Amino acid sequence: MLLGLAHVAVCVPDVDEAVRWYESVLGLRVLSPPYLIEGDAIERDMGELVPSPVVLKAAIVGVDDTDHVLEIIEYPNVGIRTSGRGAITDPGLTHIGLLCDDVEITRRELEARGVSFLTTSWADVAGVRTTWFEDPWGVVFILVEKRQADRPYWRQFG
């Protein structure tokens, strides 16, 4: 039986650089610094998904010590895809939602740090305020400001 969501994994070409960006620009905490995983256990885990020998470098970043974290992954033995990301309307992972206390202030702070926003402003939709941006590797994020702190973001409307 499922108990909940654990993490969202983001594949990047350089974990160390990505961790620095997520920490210094987004203000996420490094919960588990970059580490290399290789050997029989990871081969059994991902050997049918990733070319052998399976080697990955990973780190965990987040807001707090819960299961709701970003897993930052690099596959050093696998070539980097150069075709870029697809549109958010393509099937597959489309974006990652991040909660913030004030969309306008958070957006201004991130813009001052050089973050590239995909929308010109913020919007009020379904009881939340939102704005969209991407990280340096093309991963799309939506900032979400809840109107009612005691309710999940998806129960803000109505």
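Taken together, the values in this text are just the output of simple stated rules run on the coordinates, not laboratory data. Predicted model, so just to flag it, every value in this text is computed and none were measured. Note that we place each Cβ from the backbone using ideal geometry, even for glycine, and neighbour counts take in every protein chain shown.
Amide hydrogen proximity for Leu31: with H placed 1.01 Å from N in the peptide plane, the residues at 5 or more positions away or on another chain lying under 5 Å are Ile60, Val61, Gly62.
Using a 10 angstrom cutoff on alpha carbons, build the Gaussian network for the chain and name the most mobile of Gly62, Gly27, Gly47. So, out of Gly62, Gly27, Gly47, the one fluctuating most is Gly47. Go through Val15, Phe157, Val144 and say which Cα lies farthest out towards the positive end of the charge dipole of the chain; charges sit on Cβ, +1 for Lys and Arg, -1 for Asp and Glu. Highest projection toward the positive end goes to Phe157.
Using a 10 Å Cβ count of at most 15 others and DSSP loop calls, identify the longest part of the chain lacking such trypsin sites (Lys or Arg not before Pro). Within the chain, the longest run free of exposed trypsin sites (Lys or Arg not before Pro) spans 1-80. If you model the range 96-155 as an ellipsoid using its alpha carbon gyration tensor, with each semi-axis the square root of five times an eigenvalue, the axes come out at 20, 12, 10 Å, biggest first. The convex hull built on the alpha-carbon positions of the range 1-79 has an orientation-averaged projected area of 5.9 nm². GNM on the chain, alpha-carbon springs under 10 angstrom: the most fluctuating residue among Val63, Val12, Val50 is Val50.
Can you give the Rg to Rh ratio of the range 25-154, both from alpha-carbon atoms, with Rh computed by the Kirkwood formula? The Rg/Rh ratio comes out at 1.02. Each residue in Thr131, Thr120 was given a count of other beta-carbon atoms within 10 angstrom of its own, and listing them fewest first yields Thr120, Thr131. Stretched out straight at 0.36 nm per residue, the stretch from Glu134 to Ile105 would grow longer than its current Cα-Cα span by 8.7 nm.
Could you work out which residue, out of Tyr75, Tyr22, Tyr35, moves most in a Gaussian network model of the chain, that is, has the largest mean-square fluctuation with Cα springs under 10 Å? Evaluated over the chain, the most mobile residue of the options is Tyr35. Residues Leu49, Leu36, Leu31, Leu110, ranked from the fewest to the most other C-beta atoms within 10 Å, line up as Leu49, Leu36, Leu31, Leu110.
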